[in-house]
Each structure stands twice: as structure tokens, then as C-alpha cells.
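Presented below is the structure to which this report refers.
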Amino acid sequence: MIVVTRLNDSQFAINPDLIERIHASPDTTLVMVDGAKFIVIETLDEIIEKIARFRAHVISLASLTDDRDYRSGARSLDVPTGPHAIEDQLEPGSGQRPRRL
């Protein structure tokens, strides 16, 4: 989230991933993907800088995370893979067969 300031000096946080476009004529207007518009006192360049810093911060936090599920290629769920993955999980001689779609 980035913090921006309305014309009445009240601040609020906004998700920069939901900003569709930014207009600066003369006030800076944030147009969101849902059509909502917010007029803020920050300049176009300041908003772009805030977004860049926010994304850099997210990337730096991800590099500090010790979550091996996505970094080492290990899976958090045991999902069978391969051409015979389903068949391999069925008990031999049970008469079961995988459902065909």
C-alpha cells in the first residue's frame, strides 16, 4: 500500500496494483480499475516514485523470507505428477480405475 494525501490534507492508503492510470491536469487524479477516482496533492512523479519504492520493498521482503515452498521448488501440497500419477496412487487389485473426463 502507498499513502497519499487528499486535497483536505487527510491521508489514506491505496493499493498501487489497482491504479489504472494517473492524470496530472492540474491536480493529480488516480483512476482505479473499478472506475473510482481520487484527487491527491502528490505530483505524478511522486506517485510513480512511491509505487516504485513499494514494489522494491515487496521484492526485498520476498528475498528475506525463509519459505522453502516456493524458493527450493518443493511443494506445499503433495500433488501427483506424471502421465501415470493417478494410477500409481490406486491400490493394486482394488478394481478401481481413474475417472476419465
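The values are calculated or read from the model by the stated rules, or taken from the named source; none is laboratory data. Source: prediction; values computed, not measured. Virtual Cβ from ideal backbone geometry, glycine too; neighbours counted across all protein chains shown. Remember, those area values only see protein heavy atoms, side chains included, never the ligands or the DNA or RNA. Shrake-Rupley method; radii C 1.70, N 1.55, O 1.52, S 1.80 Å.
So the values come out like this:
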quantity: Subset of the range 5-17 [open to solvent by 80 Å² or more (accessible area, probe 1.4 Å) and part of a strand (DSSP E or B)]; calculated: ARG6, GLN11
quantity: Residues within the range 18-44 that are surrounded by 11 or more Cβ atoms within 10 Å (Cβ to Cβ) and either outside any loop (DSSP other than H, G, I, E, B) or touching a residue at least 40 places away in the same chain (Cβ under 8 Å) (or both), tallied; calculated: 15
quantity: Complete set of residues in the range 1-23 that are farther than 23 Å from ALA56 by Cβ and either among the small types (Gly, Ala, Ser) or under 24 Å from the mean Cα position of the chain (by Cα) (or both); calculated: SER10, HIS23
